[in-house]
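Input: a single structure, listed below in C-alpha cells.
The values are calculated or read from the model by the stated rules, or taken from the named source; none is laboratory data. All of these numbers come straight from a predicted model, not from anything done at the bench. Please note: Cβ atoms are built from the backbone with ideal geometry, for glycine as well, and neighbour counts cover all protein chains shown. When the accessible area is computed, the model is the full protein with side chains, heavy atoms only, and any ligands, DNA or RNA have been set aside. Shrake-Rupley method; radii C 1.70, N 1.55, O 1.52, S 1.80 Å.
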Amino acid sequence: MIFAMPGNEAMANAVARLAGAERGKAEMRRFPDGETYVRVLSDVRGKSTDIVCTLARPDAQIVGLFLLAGALREWGAVHVRLIAPYLAYLRQDQHFQPGESLSAAHFARLISMHFDSLVTVDPHLHRIKTLAEVYPIPARAAQSAPLIGAWIRAHVQRPILIGPDSESRQWVAGAAHAAGGEYLVLEKTRHGDRAVELAWPATSQPLGRTPVIVDDIVSSGETLARVAEGLAARGFAKPVAALVHALLDDDAYAKLSQICAGVVSTDAVAHASNAISIAELLV
Ligand code: R5P
C-alpha cells in the first residue's frame, strides 16, 4: 500500500498504478502552533507499506514523515519503506571544517531508525561510495542515466555531454552511453555555497556538437552557470541542461533558462522543467 507525503501524490499515484498496489490514505495537517497531526485512514494491518516522499526541502517534512512511518507501524503495517526519489543530506559527507556536523551519517541514522528499507534514485554518492556505508537498513539506488540518455538521443542532434565535476562522471558516462554521444568531465573547486571554479580539459572543442550539461543536483544554479559561461568562451552553442534533481528556485530557474537552450529534469523533484518520468524506474 503506497502512501504519499503532501506534495508527492502524483508520484505515489503513478507508482501505485504501475505496481498494481493500493493507494493508502492518511490525514496530515498542522496544529495552530505548527506541530504536525497525522492519522492513518486506511487499514494497514499485515500490509507492506511505502511512503513516497522526495526530500527536496527535507527540514520542513521530516517530522511529519517520521510520524507517518510510526503511525503505520502502530496500526499494524509489517514493513514500512521509504521511497525517496531525491535523498537529501548526502553532500556533507566529510568534515571540511573543524566542528562541522557529518550530516550525511546523522541523517542516514535517523532515516534508518524509522524505516525498514529505502529506495531512491541517483543519491549524491561521492566520498561515501555506497548507501550501505551509512544506511544500516537495506537501501537501493536506481539509476536515471539510461532515461536521461534516451531523452538526449531523442531530442539533441550530435550531443556532447558535460559533467561539471569528478563525481558527475557516474551520471554523465551512463547518460552518454545511452545517448550515443561523447562526454567531458570538468574539475570543480567549490569556494562557497555560491562560488565555484572549473578547470577544463584541453580537448574541449565544439566541432559542431551541441553541449548537454548533465548533473545530479542543481540548487543555486551557479555550477551550471559557470559551465555555460565556459562553453560560450570556447565557442560552443548554448547548452541544454539535463538534470536528475531540480532543487532550484524560481530565480535560479529563470537565470538558467536564459543561458541555456533548454533545461529538462526528471520528475524525482516536482519542477516546471520536468520532462523525464522515473515512476517506472522506482517500481
Ligand atoms: C555537487 O557536487 C552537485 O553534483 C552539483 O553540482 C551541485 O550540488 C550544484 O549546486 P549549485 O547549483 O548550487 O551550484
One residue from GLU197, GLU182, GLU167 being touching a strand residue (DSSP E or B) at 6+ places or on another chain (Cβ under 9 Å), of a type outside the set (A, V, I, L, M), over 21 Å from PRO123 (Cβ atoms) and within 16 Å of the ligand (Cβ to nearest atom): GLU197
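Give me a count of the residues in region 53-63 that are assigned to a loop (DSSP other than H, G, I, E, B) and over 18 Å from ARG140 (Cβ atoms). First the steps, then the outcome.
First, pick out the residues of region 53-63 that are assigned to a loop (DSSP other than H, G, I, E, B): 53-57.
Subset that is over 18 Å from ARG140 (Cβ atoms): 56-57.
Summing the residues that are assigned to a loop (DSSP other than H, G, I, E, B) and over 18 Å from ARG140 (Cβ atoms) in region 53-63 gives 2.
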Residue selected from region 248-283 under the condition away from the ligand (no atom under 13 Å from the Cβ), within 21 Å of ARG57 (Cα to Cα) and among the acidic types (Asp, Glu), by the criterion most open to solvent (accessible area, probe 1.4 Å): ASP250
Residue in region 143-157 that is open to solvent by 30 Å² or more (accessible area, probe 1.4 Å) and within 14 Å of the ligand (Cβ to nearest atom) present: no
Scan of region 125-140 for residues that are free of Cβ contacts under 8 Å to residues at least 24 places away in the same chain and within 16 Å of the ligand (Cβ to nearest atom), ordered by number: LYS129
Pairs with Cβ under 9 Å, 6+ apart, first in region 186-210 and outside any strand (DSSP E or B), second acidic (Asp, Glu) and within 14 Å of the ligand (Cβ to nearest atom): LEU186/ASP165; ASP193/GLU222; ARG194/GLU222; TRP200/GLU187; PRO201/GLU187
Selection from region 1-40 of residues that are within 19 Å of ALA56 (Cα to Cα), assigned to a loop (DSSP other than H, G, I, E, B) and not aliphatic (A, V, I, L, M): PRO6, GLY7, ASN8
Search result, residues across region 216-247 that are within 12 Å of the ligand (Cβ to nearest atom), open to solvent by less than 10 Å² (accessible area, probe 1.4 Å) and not in a helix (DSSP H, G or I): ASP216, VAL218, GLY221, ALA241, LEU243, VAL244, HIS245, ALA246
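Among the residues of region 200-215, what is the count of those that are on the phi > 0 side of the Ramachandran plot and either among the aromatic types (Phe, Trp, Tyr) or within 11 Å of the ligand (Cβ to nearest atom) (or both)? Show your work before the answer.
From region 200-215, those on the phi > 0 side of the Ramachandran plot are 207-208; that's our starting set.
Next, from what is left, pick out any that are either among the aromatic types (Phe, Trp, Tyr) or within 11 Å of the ligand (Cβ to nearest atom) (or both): none.
Residues flagged as on the phi > 0 side of the Ramachandran plot and either among the aromatic types (Phe, Trp, Tyr) or within 11 Å of the ligand (Cβ to nearest atom) (or both) within region 200-215 amount to 0.
For the subset of region 64-89 comprising residues that are in a loop (DSSP other than H, G, I, E, B) and in contact with a strand residue (DSSP E or B) (Cβ under 8 Å, 6 or more places away or on another chain), which member is farthest from VAL218 (Cα to Cα)? Full working, then the answer.
From region 64-89, those in a loop (DSSP other than H, G, I, E, B) are 75-78, 85-89; that's our starting set.
With the extra rule that they be in contact with a strand residue (DSSP E or B) (Cβ under 8 Å, 6 or more places away or on another chain), the set shrinks to 75, 77-78, 85-87.
Working: TRP75: 39, ALA77: 36, VAL78: 36, PRO85: 15, TYR86: 12, LEU87: 14 Å.
The residue in question is TRP75.
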